[in-house]
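Report on one structure; see the data block that follows.
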Amino acid sequence: MRTLIRDVRLFDGERSVPRTDVMIEGGSITAVGPGRLADAEVSGAGRTLLPGLIDAHTHVFDGSLAQALRHGVTTELDMFCLPRILGEQRRLASESDDVADLRSAGTLATAPGGHPTQLLAALAGTVFAGLDAPEIEFVSDPAQAPAFVRARLAEGADYLKIVIDDGRVHGADLPAMTPDVATALTGAAHDAGLRVVAHAITASEVEIALDAGVDGLAHVWTDLPPGDPASRRLAERARRQEVFVVTTLAYFEAITAQHVRTADCARPGSSANAAGALRDLHRAGVPLLAGTDATPFTPTHGAGLHRELELLTEAGLSPEEALAAATSVPARHFGLDDRGRIAPGLRADLVLVDGDPTRDITATASIVDVWRRGVRQTR
């Protein structure tokens, strides 16, 4: 069946086209441009067609992928999924067009007793009901790195996630991964052909990650005040090393709100600091990938990414730059060559919205239709 989306404004992942037609046939985009015959037509008048959105930092649980797709997120890049549910989530993403597609780091690497063990313990009895112990494998010695990476390959990991976090931003005092372990894990992952993404949320932790040679950062740093020269220097170093950064401003907004509610305002993980770091990264020309750190709590899967896009524009990105951060940029940096843009031959992962999000980013939430691999979702 051929479906034509007619007379639509187009953001193709990189640039805008005021008015065109887009043809879908099977699971692919077959043409962009006027003058096609179709079996079915969808009106694009007053609407904008976007590539399916990609959330570059999530944590997937039962129901997450379906929730994401309802909000136009057609791919989630998971940064730690519990082993007991990962296999089923991969199966759903592969076999069903009613959920978002999935790539995952599988099991993350952290120091013994390190982040996020304190969170798993605190959440026992919620989504973690039935767990006898946190499902995390610790790495404390560089010699363990090759075996850890082999285990992730056997698990089907698409990339490696390492955690360098002393707990300060979370109001804790935690063991943190040492520089020699971070370097060994990064080297072993690169030898195996895996990208490495580091959770590091203070400037000193980011320095360790950059020294180790990681490919990307899972968060902006959040312990330096806006305008701090050290933040600008760190952003310039990230650009020189060609490191990408996942933004997660919605996550820092959520934990800042929690600190305000508990009158615990002394922690360094403020949303203002995170926005300041993002502005420095943007000015330096570092590739920015929109991500939320979505969980079953907050930020939420799908809806959280629309809030992330608002926060990106508030921090200085243009609407088109924010849209690229949630489409073509993560696709490029995670090797997803079949999506993230609207062009003939690519997957028909698409979102049709009312209005023009290239002028008003909040229009991304006004969803009319979603296609995942060419299948139009029931709304």
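The values are calculated or read from the model by the stated rules, or taken from the named source; none is laboratory data. These numbers were taken from a predicted model, which means no experiment stands behind them. In this analysis, Cβ positions are derived from the backbone assuming ideal geometry, glycine residues included, and neighbour counts consider all displayed protein chains. The protein model used for the area step is the full one, side chains on, heavy atoms only, and it has no ligands, DNA or RNA in it. Shrake-Rupley method; radii C 1.70, N 1.55, O 1.52, S 1.80 Å.
Give me a count of the residues in the range 227-246 that are among the polar types (S, T, N, Q) and touching a Gly at 6+ places or on another chain (Cβ under 6 Å).
0
Just for the range 197-226: of the residues that are part of a loop (DSSP other than H, G, I, E, B) and more than 19 Å from THR256 (Cα to Cα), which one is farthest from the chain's Cα centre (by Cα)?
The residue in question is GLY213.
What number goes with the only condition from (1) in contact with an Asp or Glu (Cβ under 8 Å, 6 or more places away or on another chain); (2) open to solvent by 50 Å² or more (accessible area, probe 1.4 Å); (3) of a type outside the set (Val, Ile, Thr) that GLN67 does not pass?
(1)
Can you tell me which residue within the range 266-285, out of those that are part of a loop (DSSP other than H, G, I, E, B) and open to solvent by 10 Å² or more (accessible area, probe 1.4 Å), is modelled with the highest pLDDT?
Only one residue tops the list, namely GLY285.
Name every residue in the range 1-30 that is aliphatic (A, V, I, L, M), outside any loop (DSSP other than H, G, I, E, B) and surrounded by fewer than 18 Cβ atoms within 10 Å (Cβ to Cβ), in order of residue number.
If the condition is that a residue be aliphatic (A, V, I, L, M), outside any loop (DSSP other than H, G, I, E, B) and surrounded by fewer than 18 Cβ atoms within 10 Å (Cβ to Cβ), then VAL17 is the only one that fits.
For the list (1) in contact (Cβ under 8 Å) with a residue 60 or more places away in the chain; (2) surrounded by 24 or more Cβ atoms within 10 Å (Cβ to Cβ); (3) farther than 30 Å from GLU25 by Cβ, I need the number of the one condition that PRO330 fails.
Of the numbered conditions (1) in contact (Cβ under 8 Å) with a residue 60 or more places away in the chain; (2) surrounded by 24 or more Cβ atoms within 10 Å (Cβ to Cβ); (3) farther than 30 Å from GLU25 by Cβ, the odd one out for PRO330 is (3).
Among the residues in the range 62-75, are any assigned to a loop (DSSP other than H, G, I, E, B), in contact with a strand residue (DSSP E or B) (Cβ under 9 Å, 6 or more places away or on another chain) and either among the hydrophobic types (A, V, I, L, M, F, W, C) or more than 30 Å from ALA198 (Cα to Cα) (or both)?
no
Does any residue in the range 34-54 that is assigned to a loop (DSSP other than H, G, I, E, B) and at pLDDT 95 or above come within less than 7 Å, Cβ to Cβ, of a residue that is of a type in the set (Asp, Glu) and buried (at least 22 other Cβ atoms within 10 Å of the Cβ) six or more places away or on a different chain, and which pairs are these?
GLY52/ASP349
In the range 361-379, how many residues are open to solvent by 60 Å² or more (accessible area, probe 1.4 Å) and of a type in the set (Gly, Ala, Ser)?
Residues in the range 361-379 being open to solvent by 60 Å² or more (accessible area, probe 1.4 Å) and of a type in the set (Gly, Ala, Ser): 1 in total.
Find the residue count for the range 344-360, including only residues that are touching a Lys or Arg at 6+ places or on another chain (Cβ under 8 Å), open to solvent by less than 10 Å² (accessible area, probe 1.4 Å) and in a strand (DSSP E or B).
So the count comes out to 2.
Return the pair list, or none, for Cβ contacts closer than 6 Å from residues in the range 184-197 that are within 20 Å of ALA111 (Cβ to Cβ) to residues that are charged (D, E, K, R) and open to solvent by 10 Å² or more (accessible area, probe 1.4 Å), at least 6 apart or on different chains.
Taking only residues 6 or more apart or on different chains, the pairs are VAL196/ASP215.
Yes or no: the range 96-112 includes at least one residue that is over 27 Å from LEU289 (Cβ atoms) and under 27 Å from the mean Cα position of the chain (by Cα).
yes
Assuming GLU88 fulfils every condition listed in (1) in a helix (DSSP H, G or I); (2) in contact with a strand residue (DSSP E or B) (Cβ under 9 Å, 6 or more places away or on another chain) apart from one, which condition is it?
(2)
Residue by residue through the range 304-321, note down the ones that are among the aliphatic types (A, V, I, L, M) and over 13 Å from the mean Cα position of the chain (by Cα).
Passing the criteria: LEU311, LEU312, ALA315, LEU317.
Report those helices (runs of 4 or more DSSP H) wholly inside the range 114-196 carrying at least 2 residues which are modelled with pLDDT of 95 or more and within 16 Å of PRO83 (Cα to Cα).
Correct list: 145-155.
A quick yes/no check of all residues on (1) touching a strand residue (DSSP E or B) at 6+ places or on another chain (Cβ under 6 Å); (2) assigned to a helix (DSSP H, G or I); (3) small (Gly, Ala, Ser):
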position: HIS301; (1), (2), (3): yes, no, no
position: GLY304; (1), (2), (3): yes, yes, yes
position: GLU308; (1), (2), (3): no, yes, no
position: LEU311; (1), (2), (3): no, yes, no
position: GLY316; (1), (2), (3): no, no, yes
position: ASP338; (1), (2), (3): yes, no, no
position: ILE342; (1), (2), (3): yes, no, no
position: THR362; (1), (2), (3): no, yes, no
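Within the range 287-316, work out how many residues are open to solvent by less than 10 Å² (accessible area, probe 1.4 Å) and under 21 Å from PRO225 (Cβ atoms).
Going through the range 287-316 one residue at a time, the tally reaches 2.
Could you check GLY335 against (1) at positive phi; (2) open to solvent by less than 30 Å² (accessible area, probe 1.4 Å) and say which number it fails?
(2)
Hey, ALA40 hits all of (1) open to solvent by 40 Å² or more (accessible area, probe 1.4 Å); (2) out of contact with any Asp or Glu (no Cβ under 9 Å at 6 or more places or on another chain) but one; which does it fall short on?
(1)
Could you grab the pairs with beta carbons closer than 6 Å, sequence gap of 6+ or different chains, first residue in the range 228-245 and basic (Lys, Arg), second one assigned to a loop (DSSP other than H, G, I, E, B) and surrounded by 14 or more Cβ atoms within 10 Å (Cβ to Cβ)?
Note: pairs meeting the criteria are ARG239/VAL286.
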